[in-house]
Structure formats: structure tokens, C-alpha cells
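So that we are looking at the same thing, I have put the structure below in C-alpha cells.
The values are calculated or read from the model by the stated rules, or taken from the named source; none is laboratory data. From a predicted model like this one, the values you see are computed outputs, not experimental measurements. Cβ: placed from backbone, ideal geometry, glycine included. Neighbour counts: every protein chain shown. Note: accessible area is taken over every heavy atom of the protein model, side chains too, but ligands, DNA and RNA are not part of it. Shrake-Rupley method; radii C 1.70, N 1.55, O 1.52, S 1.80 Å.
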Amino acid sequence: MAEKEDNGIEKPRVGVFICHCGSNIGGLIDCKKLAEYAGTLPDVVHFEDNLYTCSENGLNAIKNAIKEHDLNRVVVASCTPRTHEPLFRECIAEEGLNEYLFNFVNIRDQCTWVHMKDPEGAYAKAQDLVRMGAAKATKLEALEKVSVDINPAALVIGGGVAGMSAALNLNNQGFTTHLIEKEDQLGGRLRSLHKLFPHDLDAATLLNEIKGNVEKASNLTLYTSATLKEVDGFVGNYDVVIDQGGSEVKLTVGAIIVAVGASLFVPKDLYGYDGRTRVTQQELETKMKNNDINANNVIMIQCVGSRNDERPYCSSVCCMTALTNALIIKEKDPNTNVTILFRDLYTPGTDYEETYRKAREKGVLFIRYSLEREPVVEEDHVKVYNEYIGEEMIVPYDLLVLSTPLIANDDNKALAQLLKVPLEANKFFLEAHVKLRPNDFATDGVFIGGAAKWPVDITEAITQGYAAASRASTILSHESIEVEGATSHLPELNKSLCTGCEVCIKVCPYKAIIKNEDDEIEIIQAVCKGCGVCGATCSQQAIVIRHFTNEQILSEIYAYGGRAV
Amino acid sequence: MSFEPKILGFLCNWCSYAGADLAGVSRIQYPPNMRVIRVMCSGRVDPMFIFQALQQGIDGVFVMGCHPGDCHYLEGNYEAEKKFDMTVKFLKMIDLDNRIRLDWVSASEGVRFGQVVSDFIDHIRELGPSPVSGENPDENLLIKLMAMEVAAGTDRMRALVGRERKLIEEENAYGELVPEEKFNEIFDSAIHDEYIRARILLSLNKDPKSVKDLALEIEIDPSEILENILILKGRAQVDMQEIVGITPIYMRT
């Protein structure tokens, strides 16, 4: 066992591992020298450099060193904690060390990769970072994760195609599933569509099939005309209140899926929109369903109200919608002239590109305009500056179709506040990480799928519905799970410092801090996400942010600054 | 040798740290002057860290978080901004406010990360070394920095910063909204008072002094010193030690 300090706590015995990452780090700086430097730092009792610390060999080297040198802290200087911290944590845990006794130093992504022309500067920086990392390591404390029981039931918000897909998937896995829809019937945007690209399936056929499955599902309860009213609790144990036509339904669920979809932008005041001869793509599809089109000249304008300053994003579904509808018109009567005024056409993948090719073959005309010179709509013709030939053209129409974007629902903000999840700049829901956790929210047990996150087509909405359900089932399939141990904490010793000012309660975004029955501040660890704002705010500095304590952060500052304190 | 600034960056895990990683993956090149401390949220950056970093002789401190509205923790970056603004207000008194910066970098802004870091390094390079850096730091400034840290750490300042958003945007315990102007007035006078009090406390830590001596050292009017001594007495932080002639001498309790 490692030697104990006066206070009975083990004296830190730090092992530092410097990763070459092949030539990614080792190609620019001298990793052997850096490891030797690490060996000169306080409390560092072992140092080595590895070709790849994350490889089997590297991980074994860490495990062996823990055994041989009785290490109680491990520092790896390599890539980034955002991808590799879990691996190294697991590695030291396998050797019996608490996983929080690991510290990561980023000398690749934030050092050798960004200072490739300055090896000396990069080395000096790596030295400082290793010194800071080792200093923090000596202050690290073992933390316990909290175990919470899981209610194997789910709530899916939104009865559109994404929500129905998610709910069905959960139902089929045997989880009790509750599906709420704010309208009086299922379907969402699918109800207003006509034919679905890329293979012109009838929207109604698909809708009826999915709806039929929802109605037949044995573990699934449907609430229409229902909205979410209250949410309390944490992963595995969300107590929710649903408002269904004025009456309340109370449920306890383990996971929540947000699949509220998006709304269609109505182009009031744009291009003379009137809903009759100047319509949106959605209104065109209603006309098509009713066989109510008798136009000789159809013009479609793309990117109406999108990809501009106000709505900088691409709505992603409008190009294919326009092409599909243009083809339907052409196929019905090849003599109808269809002209598409576009800025850029996005038809990714084989099927979508094929649709575009077919549209050209069938004689749909494409005219490119620019944001700087938008088309001008007159009574019976459109004046458009053709970017390709550099001339203004006059195109007659008797039906003008405006391709408008999907926009975030008005009530997203209220829902986001209820669920304590973020929205992005355009008020769509923001996932925890675009690549690493694309269907999760940062809040444990809350998931996202479909157009609530970003405009998606039906195929993608279904895929994402399944994805969200699958992510939810990773929680629901356990009887209990462990949640993050690096949370804020009011130590017993500090309780007397607390004056009950409640500033911490006010700044906590997750309602993780409450005043309990004894009128004491209590932090519910299962709810806390460890952001640390309460600790940085606490007027008495009584709250400790585990794993990012004042002492730990100051040790990094001092290690960099170098002045005795 | 040209001046190479020593810069410390506090990066939030979810946006700016990820942006910094992306800069790496994209091989965006920028000067190597900044050392990074990763925090989960920019709202974790206690003003104490910035004051301590400056006392360590670090030339510039950069705090980076998620863009407004994009915070992984919903509103942590707004809290970060409030804490940062207070720190700036203190540092303005000694002209060091331009050595700290707050900016937002998202996880997808690798290029921008490189730009804002380069820009800050250039900015600090232009300012030159911090007056409290190096072998012979300006001791007077160091004392002032220390006093600011103490002042910013008082429960009064911390409670004000913690409540600011709620008070201005929602309402106080009496159901009133505090107008921003009014709040700023209270806030600015609190900064001034707590700073003077911290100076008095730090000075009395060394040895007991008269009001006159304190006024000379801190370079403010004796009447203001006396006013604050009385408040500190009320807080049981200062007491009268003795009376020499007709002059009371004060000490720390």
C-alpha cells in the first residue's frame, strides 16, 4: 500500500504515460524527453512513453505500472478526453483503481496538430500541460457513481411518423409505452403529404399502416389532444403530468423521447402568396390529392424564406418535394410546363439524384437565381434573372408553388424548459453531440428524434424514431443504472457555512438543488449534471464541484503560473 | 527575444473544448501560447480563478463557452458572462481588464477557435507583459489584485452576481422587477465598497493601523476609510486595538 499522509489519506503516487500516437505526437515532439520531464514532477513515481497508449500494449503497460509501482493516480498525455477518457478510466478500474483517479492531458488535438510548424513551442506547451495535468492528478479524489432504479416505461411526445415509429419500436421490445399527440389524431405532417419520395408511395397508405400498428400495439397507450404539463424527477424516474383535454393523467416513466416534429413556414407577404394560385408545396399536394390541378404553366420557387439571414439553414426536404411534385404533374400531362427556380439543388444519394435526372428527362425546366436577385412575381408571369445565361427571363404561370422550409414549432421553447433541454439558434432541439450522441440530450433519459431536431424527410424521421427508441431502450432494459459521480456536492462539513440564500437553487438549470424538509440545501445527485455553476456562484463557497474542485483547478493554475502560494 | 505571452484558457467541455479539438482534427494552425484548463461549463469559472491566474503573473486569461442559446447546460454561459462582467469591472480599476476576454466558440467552429485564440494572443502581445509578471512584479498592483479577489469572494458580491439575472429578468421576493440601471448602480457601488474593505482587511492583516495611515496607503479619503471600518466592525472583521493619543488604532479580529 502507498504511504499515508498525516491526515490518513494515501500519498499520491502518480504514473504519467506519454503517447506518441504513432507519429501524430511523436513525429513533432520528443515524447521520451517529455516522459523524463514528467518524472521530475512532484509525486510522479513512474513515467513512460508508449507508441500508442490506447493499444492493448499501452493499456497493459498502464495496468502493469499500477501493480509494480503501486500507482494511485494515472495521467495519460495523448489525444482528447472527449474520445478516449472512457477507455483509460475503464483500464485503471480493471486494475482496481477508482476511475476518477485518472487525468487526461491533451497534447495531440490541442497541441501537436495545431502547432506543426513550431515543434519547440509545441514541446514547451506539452511540458506545461503535463505539469498541470500531473498537479491536478495529485488532487483527484475517488468518486462513487450513484445507482438509480429504472421504471421500464417510456413517454413519447409527438404522434408524427418519428414518434409513432419510436413508440412502436419500444412497444415491440416489450416496454410500456405512452404516446402523446397534441392534435386530435395521429400522423403529424404525414397527414398533409401526397406522395412520398423517392418511390411515390401514397402518404396515406404509409400513415394508415403505421397508425394501424399503433392501434393494435399491446403495450402502447395513446393520448390524443394531449400535451405535457409537468415533468419532475430524473433518469429512470420521471414523474410526468399530461394534460388531455383539461383532465390530468399522471405517469412515471424511465425515459422520454421528444419527437414533436416541425411546422411549415407560411410565406405571408412573399411572392404574392395567396393560397389559391400562389400556394405552398403543401397546398399543392392537397390540390393533387383532390385532383384539383388544371394549370398549363407551373412555376416552383425554391428556398422561399430559407437560406437567408433570418433562416440560414437548408430545410433539406424542399428540393425533393419540388422534384417529386413536378414529376407527378409532368407524368399526368406532359404538356404542362413546369419550371423550377432554384438557388442550389440538393439531391444526395442514388435515388434522389435519379429523381432529378428523371425530372430533366421529362422536360422540367431549371433556372438558377441568386439571393441577391430574387425572382419578381407579377400577375401572370415571373421575372427571373437567369444566373447561367446572365439575362432576365419572363416565365408565364397560372400556378405558382413556393417551397418553404420546415421551421421549429412555436411551443418548442416551453417544452424545452419543461424537460430542461436546450434549443439551437433556430429553436430546433439541440442534441448532446452531433456525432457522438446524435439522438440523446445531455439530460440523462431524454432522447430526440425526427424533425424536432432538424428538418428531415419521412425516411429519416423513421430512422431517427428507431434510433431514439433504441437509445431509450439502453436505459429501459436495465433494472438500475449508474449515473455520473462528478457532480456538485455540499459536504457535511460545509453545511454550517450555508446561509440558505438559495442562489444555488436559482442558478441550477436542472432543479437538482432543493430545500428539503429540514430546511437544508440538498443536492440530488441523480439529477445534477456537474456543470459547476452552483459552486462558482455559492455565496459562501460551501458547494464543492467534484472532479473540478477549486483546489484541483487552482492546482492547474499554480502549476502553470509557477509562483509559490 | 520577442515577448511570448503566457496565456491561460478556460474551455467548456461541450463547445469550446470540442471546437479546440476540431481545430486539431482540421489541422488549423495557431500560436502555442495558450494553456488550457478544461471545465464542464464556462459557468464553472469562478472569478477567483481569474484573479489567481493574474496574480500568478499570467499575461492573459481567456474564458470560452458555448454560444448564447447553445449552452449544453441551458444557461450556464449566461452565468459565466455575469461572473466575467463583474471581474472586468474590478480589473478596470487597475487597467488590467483588457487582459481577460470572454468569447463563444461552438463545437463546429474549429477555424474560429484558431482565429479567436490567435487574435487574443496578438492582442496580449501588443499589450506587452503583465505588470505583475516576471521577476519583479508590481507589488502594489499585486496587493490590489489580491484585494479584488477577496472583494469578489465576499458573500455580498457573490450573491449579487448569482441573483443578477433573476432580479433583472424575473422578480425579487417582493414581486418587483429591478430595473437594470438600478441594479448596476447597486452593483457598482458594491464593487467599490467591497474593494476598499478588502484593501483595509489585507492591510490590517499585516499590522494594526490608524484611519489616517490606511487612507495614505489605500489613497482614498479618510472619511471613507472610517465609514468602511465601522461596517467591518459591524461584520466583526475589524476591532479597535488601542487609542494612541487621540488616534484609534484598528486591527483584524
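Out of region B:229-243, which residues are open to solvent by 80 Å² or more (accessible area, probe 1.4 Å), of a type in the set (A, V, I, L, M, F, W, C) and more than 11 Å from residue B:211 (Cβ to Cβ)?
Within region B:229-243, just B:243 meets the criteria.
Another question, then. Could you list all residues from region B:34-65 that are part of a loop (DSSP other than H, G, I, E, B), within 8 Å of chain A (Cβ to nearest Cβ) and in contact (Cβ under 8 Å) with a residue 12 or more places away in the chain?
Selection gives B:40, B:41, B:45, B:46, B:57, B:58.
Still on this structure, I have one more. Considering only strands (runs of 3 or more DSSP E) fully contained in region A:315-434, which possess at least 1 residues that are open to solvent by 70 Å² or more (accessible area, probe 1.4 Å) and more than 14 Å from chain B (Cβ to nearest Cβ)? Explain how you work it out, then say what you get.
On the way: elements: A:337-342, A:365-368, A:381-386, A:391-396, A:399-402.
Once the strands (runs of 3 or more DSSP E) in region A:315-434 are filtered for at least 1 residues that are open to solvent by 70 Å² or more (accessible area, probe 1.4 Å) and more than 14 Å from chain B (Cβ to nearest Cβ), what remains is A:337-342, A:365-368, A:391-396.
One residue is enough: does region B:14-25 have a residue meeting the conditions open to solvent by 40 Å² or more (accessible area, probe 1.4 Å), assigned to a helix (DSSP H, G or I) and facing chain A (nearest Cβ under 7 Å)?
yes
Which of the residues spanning region A:98-156 are without any contact (Cβ under 8 Å) to a residue 12 or more places away in the chain and crowded, with 21+ Cβ neighbours inside 10 Å?
A:114
For region A:551-560, give me the residue count where each residue is within 7 Å of chain B (Cβ to nearest Cβ) and open to solvent by 10 Å² or more (accessible area, probe 1.4 Å).
Step one: filter region A:551-560 for residues within 7 Å of chain B (Cβ to nearest Cβ), giving A:553-554, A:556-558, A:560.
If we keep only those that are open to solvent by 10 Å² or more (accessible area, probe 1.4 Å) too, we end up with A:554, A:556, A:558.
So the count comes out to 3.
From the set of residues in region B:86-98 that are more than 14 Å from chain A (Cβ to nearest Cβ) and of a type outside the set (A, V, I, L, M), which is surrounded by the most Cβ atoms within 10 Å (Cβ to Cβ)? Explain how you work it out, then say what you get.
Here is the first cut: in region B:86-98, the ones more than 14 Å from chain A (Cβ to nearest Cβ) are B:88-98.
Still in the list and also of a type outside the set (A, V, I, L, M): B:89-90, B:92, B:95, B:97-98.
Working: B:89: 19, B:90: 25, B:92: 12, B:95: 10, B:97: 14, B:98: 14.
For region B:86-98, the residue satisfying everything is B:90.
Could you list all residues from region A:501-511 that are over 27 Å from the mean Cα position of the chain (by Cα) and either more than 10 Å from every other protein chain (Cβ to nearest Cβ) or not in a helix (DSSP H, G or I) (or both)?
Of everything in region A:501-511, those that are over 27 Å from the mean Cα position of the chain (by Cα) and either more than 10 Å from every other protein chain (Cβ to nearest Cβ) or not in a helix (DSSP H, G or I) (or both) turn out to be A:501, A:502.
All but one of (1) within 17 Å of the chain's Cα centre (by Cα); (2) among the aromatic types (Phe, Trp, Tyr); (3) within 7 Å of chain A (Cβ to nearest Cβ) hold for residue B:10, so report the exception by its number.
Unmet condition: (3).
A further question follows. Among the residues of region A:512-537, which ones are open to solvent by 10 Å² or more (accessible area, probe 1.4 Å) and at the interface with chain B (Cβ under 7 Å from one of its Cβ atoms)?
A:529, A:531
Against the definition (at pLDDT 95 or above, exposed (fewer than 13 other Cβ atoms within 10 Å of the Cβ) and either out of contact with any strand residue (DSSP E or B) (no Cβ under 7 Å at 6 or more places or on another chain) or under 30 Å from residue B:246 (Cβ atoms) (or both)), how does residue B:205 come out, yes or no?
In short, yes.
Could you say which residue among B:110, B:114 is modelled with pLDDT of 95 or more, more than 21 Å from the chain's Cα centre (by Cα) and either in the same structural domain as residue B:205 (by TED's automatic domain parsing) or open to solvent by less than 10 Å² (accessible area, probe 1.4 Å) (or both)?
Details: B:110 fails: modelled with pLDDT of 95 or more.
Of the residues listed, the single one that is modelled with pLDDT of 95 or more, more than 21 Å from the chain's Cα centre (by Cα) and either in the same structural domain as residue B:205 (by TED's automatic domain parsing) or open to solvent by less than 10 Å² (accessible area, probe 1.4 Å) (or both) is B:114.
Applying the selection to region A:512-565, what residues are basic (Lys, Arg), part of a loop (DSSP other than H, G, I, E, B) and in contact (Cβ under 8 Å) with a residue 12 or more places away in the chain?
Within region A:512-565, A:529, A:546 qualify.
On the given criteria, is residue B:195 outside any loop (DSSP other than H, G, I, E, B) and either farther than 30 Å from residue B:244 by Cβ or open to solvent by less than 100 Å² (accessible area, probe 1.4 Å) (or both)?
yes
Additional query: In this structure, is residue B:2 among the small types (Gly, Ala, Ser) and either surrounded by fewer than 23 Cβ atoms within 10 Å (Cβ to Cβ) or more than 11 Å from chain A (Cβ to nearest Cβ) (or both)?
yes
If a residue must be within 21 Å of residue A:550 (Cα to Cα) and within 14 Å of chain A (Cβ to nearest Cβ), how many such residues does region B:143-177 contain?
16
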